[in-house]
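The values are calculated or read from the model by the stated rules, or taken from the named source; none is laboratory data. Keep in mind it's a predicted model, so treat the numbers as computed, not measured. With ideal geometry, Cβ positions are generated from the backbone for all residues, glycine too; neighbour counts draw on all protein chains shown. The protein model used for the area step is the full one, side chains on, heavy atoms only, and it has no ligands, DNA or RNA in it. Shrake-Rupley method; radii C 1.70, N 1.55, O 1.52, S 1.80 Å.
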Amino acid sequence: MNECTLIITGGSRGIGKSIALLFASSGYSIAIIYAGNDEKARETVEECRAFSVKAEAYKCNVASSEEVKETMAAIRKEFTGISVLVNNAGITRDGIAAMMKDEDWNDVIDTNLRGPFLMIRNTIPLFLRNKGGRIINISSVSGLMGNPGQANYSASKAGLIGLTKSIARELAQKNITCNAIAPGFIRTDMTKNLENTPLISSIPLGRMGDAEDIARTALFLASSPYITGEVIRVDGGLAM
Ligand code: NAI
């Protein structure tokens, strides 16, 4: 059987880990890109391999053009059939706009927006060679609604939606689709302080989501050749 490979950024923990495991359980080979925690990355790789698939982790800052290029070359050597790219790596550096430091603006835009662009740019040639591919960008309801204290994050996630639609139009003729998922509040390290706050009671479904909710949507998009340029909210109704 031909190898089908998922490349996932920020795949060592949280939503990214859940996506990696669900795709592994569906038979995909998994190439994980992560920022810093070697231990967590190793654990996730082992958990993926438990599904009898190939899995490797690569430490790489997605905001660095050189690192992304080198890492993609290493992934290309190890894996064939690269068919899905999930841009999941993301950070927050919250603060009110009037007090926001330049570096907090730059770090968030670099990781959350420049990172996906660099990953897409380096993956397109592989997809073209395979005559198709699926790109899935993890945006946020913050990018749809805005959020006080998150000027940098909301801008990066709204920008990611613009990037998604441009890439979808640019590559549609090549059987490459590009879609975004906009999660609401999902239980992970990023949101561990939000449990039992009034923010959560404003969600129509009345609770936070789980990482698996996002993973299932990513797998759905990976197997949906006729959906492109779409943004799917997975938010318990928060942004309707
Ligand atoms: P997390 O903080 O648990 O995990 C983030 C992952 O991104 C980690 O694996 C980390 O190593 C990686 N990462 C961070 N900066 C990186 C860089 N420069 N280069 C490579 N990897 C890097 O986050 P979580 O909650 O799992 O979020 C995943 C994605 O979902 C993010 O893009 C986030 O913005 C988005 N999201 C999360 C929501 C939530 O409620 N948890 C809500 C809406 C969107």
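Taken over segment 40-83, the residue count meeting the criterion of being within 16 Å of the ligand (Cβ to nearest atom), in contact (Cβ under 8 Å) with a residue 24 or more places away in the chain and either of a type in the set (A, V, I, L, M, F, W, C) or buried (at least 22 other Cβ atoms within 10 Å of the Cβ) (or both) is 12. Among the candidates 111, 164, the residue that is within 16 Å of the ligand (Cβ to nearest atom) and in contact with a Cys (Cβ under 6 Å, 6 or more places away or on another chain) is uniquely 164. Does segment 190-225 hold any residues that are near the ligand (Cβ under 10 Å from one of its atoms), assigned to a helix (DSSP H, G or I) and open to solvent by less than 90 Å² (accessible area, probe 1.4 Å), and which are they? Scanning segment 190-225 gives 191, 211, 214. Taking segment 90-165 as the region of interest, none of the helices (runs of 4 or more DSSP H) fully inside it holds 2 or more residues being without any contact (Cβ under 8 Å) to a residue 12 or more places away in the chain and closer than 28 Å to residue 216 by Cβ. Residue pairs whose Cβ atoms lie under 8 Å apart, sitting 6 or more positions apart in sequence or on different chains, and linking a residue in segment 203-215 that is under 19 Å from residue 135 (Cα atoms) to a partner that is basic (Lys, Arg), are 211/17; 211/187.
Among all residues of segment 167-178, there is at least one that is more than 22 Å from residue 217 (Cα to Cα), without any contact (Cβ under 8 Å) to a residue 40 or more places away in the chain and surrounded by fewer than 20 Cβ atoms within 10 Å (Cβ to Cβ).
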